[in-house]
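Have a look at the structure below before the remarks.
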Amino acid sequence: MRMGAPTIMLAAGEASGDLHGATLCRGLTGLAPGCHLVGMGGRGMAAAGMEVLVDVTASAVVGGTEALSRVPRLYRALGRLRAALEGPARPAVLVLIDFPEFNLRLARAARRAGVPVVYFIPPQVWAWRGGRVRTIRRLVSLVLAVFPFEPPLYRAAGVPVAFVGHPLLDTLAGVPERPAARRELGLPADARVVGLLPGSRREEVERMLPVMREAAARVGAARPDVRFVLALAPTVAAARVARHLDGAGGVVPVTGRTHAVMRAADLLLVTSGTATLEGALLGTPMVVCYRVSRPTALMVSLLVRVPWMSLVNLTLGRAVVPELYQASATGERLATEALGLLDTPGALDGQRGAFRELAGRLGEPGVGVRAARLVLAEARAAP
């Protein structure tokens with residue numbers, strides 16, 4: 001059993017993973033101030049105290065065919081982390097955060113090096129590629145589940161698991177209330193506001209922003225009083241979206257204030273992903289949309305086992321928010337759904353009521369500390 005403050009390696013490969021990883025890093029340094037955190041992540045994890053050996057979060061992509069372009073960079077990252085796992089200052093434990101294609105390969109290297117593996121934000125085996133649970137059983141010492149329906153699935157497969165709750169409960173605790181968020185963004189208190197969230201990956205933005213721009217134009221023509229704010233993730237360069245906004249005078253882009261946009265808006269037009277869960281926990285109604293390449297869409301259609309794509313509908317087990325996918329994700333359809341919600345009495349309140357139920361299912365704040373306590377226990381039990 002190890003004593004003292006351990007070295008812990010963490011690995012996150014996308015903006016959402018960096019966000020959740022930062023929550024865990026803060027929990028770890030709070031419980032074990034002398035611990036050394038090292039690994040793969042982005043600016044959030046670096047600010048929370050981790051020594052970043054490699055950062056691939058800014059180049060995250062979507063799908064199978066889209067990922068081919070960054071394979072060389074990922075192999076270099078994998079080699080750097082493998083060397084750290086096998087070196088004389090190897091960590092006491094490896095914590096994987098989502099990003100399963102890469103992280104399960106890293107888990108194999110950790111096992112060969114005798115380093116126990118904890119998976120925080122585990123693969124969505126309940127949605128697709130269920131066979132991965134066998135790999136997880138072989139390689140992972142402990143799964144830290146963030147959705148309430150995950151523990152029974154992992155226990156049935158013989159995988160040690162603990163439910164810690166979703167880290168967004170910690171992340172969103174400090175988001176300002178709606179009046180303060182509107183003041184921060186320079187929006188009138190009584191304005192009708194629609195937030196546009198095209199995603200944190202380059203391919204997502206390239207596919208979804210033109211659709212959202214068209215939807216905004218259609219909604220604005222029907223409802224001239226509506227204001228539109230585009231929330232750009234820190235991983236998206238403002239210059240990259242400028243050509244999509246050429247002539248779209250009614251859309252105001254802001255960078256690094258996604259949560260303020262979510263809180264300030266009356267309605268979100270949002271690309272499917274972690275942002276849907278963030279918006280729901282902040283109580284803002286939404287329309288969810290998504291597009292991928294045709295080969296990726298075909299692959300998904302063969303592998304996915306659930307009837308919805310948004311984390312909101314999946315967690316609640318019913319269709320609460322409208323979803324537009326592939327051919328249905330057009331500017332016209334998106335505008336129609338948005339206007340239907342804005343103009344139908346009680347429609348927005350209906351979503352807000354379901355979101356309160358959602359928040360109750362995801363646990364309680366303090367997720368970072370609960371997860372950190374379990375990670376430290378694994379580290380100290382390591383030989």
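The values are calculated or read from the model by the stated rules, or taken from the named source; none is laboratory data. Keep in mind that what you see is a predicted model, and the values were worked out from it rather than measured. When we count neighbours, we look across all protein chains shown, and the Cβ atoms used for this are built from the backbone with ideal geometry, even at glycine.
Take region 149-174 and flag every residue that is among the acidic types (D, E) and at pLDDT below 95.
Here is the first cut: in region 149-174, the ones among the acidic types (D, E) are 150, 170.
Hit for region 149-174 is E150, nothing else.
Looking at region 147-186 only, could you name the residues that are over 20 Å from T274 (Cβ atoms) and aliphatic (A, V, I, L, M)?
Residues satisfying the conditions are L153, A156, A157, V159, V161, A162, A180, L185.
I need the full set of residues from region 337-353 which are buried (at least 17 other Cβ atoms within 10 Å of the Cβ) and not charged (D, E, K, R), in order please.
As a first pass, look at region 337-353 and keep what is buried (at least 17 other Cβ atoms within 10 Å of the Cβ): 337-339, 341-342, 351.
Within region 337-353, A338, L339, L341, L342, Q351 qualify.
Quick one: V288 ticks every box in (1) aliphatic (A, V, I, L, M); (2) modelled with pLDDT of 95 or more; (3) over 21 Å from the mean Cα position of the chain (by Cα) except a single one, so which number is it?
(3)
Got a sec? Which helices (runs of 4 or more DSSP H) wholly within region 1-89 have at least 2 residues that are at pLDDT below 95, surrounded by fewer than 17 Cβ atoms within 10 Å (Cβ to Cβ) and not hydroxyl-bearing (S, T, Y)? Break it down stepwise before answering.
Numbers: elements: 15-31, 43-47, 71-86.
Once the helices (runs of 4 or more DSSP H) in region 1-89 are filtered for at least 2 residues that are at pLDDT below 95, surrounded by fewer than 17 Cβ atoms within 10 Å (Cβ to Cβ) and not hydroxyl-bearing (S, T, Y), what remains is 71-86.
Quick one: how many residues across region 251-281 are surrounded by fewer than 21 Cβ atoms within 10 Å (Cβ to Cβ), closer than 15 Å to L172 by Cβ and among the hydrophobic types (A, V, I, L, M, F, W, C)?
0
Quick one: which helices (runs of 4 or more DSSP H) sit completely within region 330-383 and have at least 3 residues that are assigned by TED's automatic domain parsing to the domain that holds A48 and in contact with a Pro (Cβ under 8 Å, 6 or more places away or on another chain)? Quick ask: steps written out before the conclusion?
Values: elements: 331-343, 347-361, 367-381.
The qualifying helices (runs of 4 or more DSSP H) are 367-381.
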